[in-house]
Amino acid sequence: MNEIERKKWIRKYGDSDKTHGRVIFLPHAGGSANFFHKLCVDLSSNIECIAIQYPGRQDRFDEKMINSIEEYSDIITEVILGLDDKPTMLFGHSMGSLIAYNILLKYQSELPFITRLLASAHNPPKSKPKYVDYDSMSNDNLIAYLKRLGGFDDVLLSDPNIMEIVLPAVRNDLQAVSKYSNKSDAKINVPIIAIIGEHDQSTDIESTSVWAELTTKEFQIIQLPGGHFYLSNEYRSLKKIILQAFDIKIRAYSSSGEKL
């Protein structure tokens, strides 16, 4: 992958020239890198933050979308291999958790600097997932599904012009998630921290705990207030979790000066 192509995928927020660790954020279905902007800016004084921008949204709207977790993983691995080898964590939110896991499952030997997986708001992949045909789902039913997840502005969901832009990426990615299965008994060799919202209707403690079976290392579940998109209000708690995972022994402050 050449540098021009790599830069299409990478969004950096904040000043991270003097940091010694990195987090790579992988968005949810239909999501974009900007979803992590606030958290990245707040973290960037301590940790380099990279948010991945998928094709088919925002400034990459005219590019062809990727329709499988495997292809997402293959290409993003190429992106990561072009970075330096400072200690790095993968943080995947919802669909991003599956992509991050699949990256490590397939390419861990090529990515020895990946030290941890933070799997947010998604159950671990199953060998026989429940298939849903999102390609054939009506727009009304898809919007109803997004409303159940929460975290979406009802005004935006009611705007047909915005939905015309947003829904194709959501539909594409949900179809990729629905088709993905874990056909390997292999485990990844990094610790996993699973993070879920207390009121997330898509997962729960019991389902999330199965992530423990997919790693040879330590496993931990953290539950935060909120639903599927708990990050919107809990970025300070997430900052603290990430700093602790890097074992950064400093007093951490939010961007407003409040001690975490």
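Points worth noting:
- Potential lengthening of the chain between Ala212 and Ser127 amounts to 29.1 nm, from the contour at 0.36 nm per residue minus the alpha-carbon distance.
- The residues of the range 1-133 have, on average, 42 Å² of accessible surface per residue, using a 1.4 Å probe with all protein chains present.
- The range 196-231 residues near the modelled Asp247 label - backbone nitrogen below 14 Å, point 7 Å along Cα→Cβ: 218
- For the range 95-109, Karplus couplings with θ = phi - 60° (6.51, -1.76, 1.60), whole Hz, Gly/Pro x: 3, x, 5, 5, 4, 4, 4, 5, 4, 6, 4, 8, 10, 4, 5
- Part-to-part distance (alpha-carbon centres) for the range 33-68 and the range 161-182, which is given in Å: 17 Å
- Separation of the Asp85 and Met1 label points, Cα + 7 Å toward Cβ, nm: 1.9 nm
- Mean Cβ neighbour count within 10 Å, used as a protection proxy, ranking 237-243, 48-54, 94-100 highest first: 94-100, 48-54, 237-243
- Efficiency of FRET from Cβ geometry, Glu63 and Asn189, R₀ 35 Å, rounded to 0.05: 0.55
- Other residues whose C-beta falls under 11 angstrom from the C-beta of Ser181 contribute a net charge of +4, scoring Lys and Arg +1 and Asp and Glu -1.
- Surface share of carbon and sulfur [accessible, 1.4 angstrom probe, percent] for the chain: 48 percent
- Charge context of Ser32, other residues only, Cβ under 12 angstrom, K/R +1, D/E -1: +1
- A 1.4 Å probe run over the protein chains yields, for the range 187-247, 47 Å² of accessible area per residue, whole-number rounding.
- Computed over the range 93-178: relative contact order in percent, which uses C-alpha pairs under 8 Å that are six or more apart: 36 percent
- Using a Förster distance of 41 Å, the FRET efficiency for Glu110-Ala144 (Cβ separation, nearest 0.05): 0.50
- Using a cutoff of 8 angstrom between alpha carbon atoms and counting only pairs six or more residues apart, the relative contact order for the chain works out to 19 percent.
- Figure note: Lys128, Lys217 ranked by solvent-accessible area, largest first, 1.4 Å probe, ligands and nucleic acids not counted: Lys128, Lys217.
- Pairs of C-alpha atoms in the range 90-194 farther apart than 23 Å represent 38 percent of all such pairs.
- Overall dimensions of the range 154-207, expressed as equivalent-ellipsoid semi-axes from the Cα gyration tensor (√(5λ), whole Å, largest first), are 31, 18, 10.
- Modelled label positions at Asp135 and Val41, each set 7 Å beyond Cα in the direction of Cβ, lie 4.0 nm from each other.
- The heavy atoms of Thr115 offer some 60 square angstrom of accessible surface to a 1.4 angstrom probe.
The values are calculated or read from the model by the stated rules, or taken from the named source; none is laboratory data. Only a predicted model underlies this, so the values are computations on that prediction, with no experimental measurement involved. So basically every Cβ, Gly included, is an ideal-geometry build from the backbone, and we count neighbours across all protein chains shown. Just so you know, the surface numbers come from the protein's heavy atoms only, side chains and all, with ligands and any DNA or RNA stripped out. Shrake-Rupley method; radii C 1.70, N 1.55, O 1.52, S 1.80 Å.
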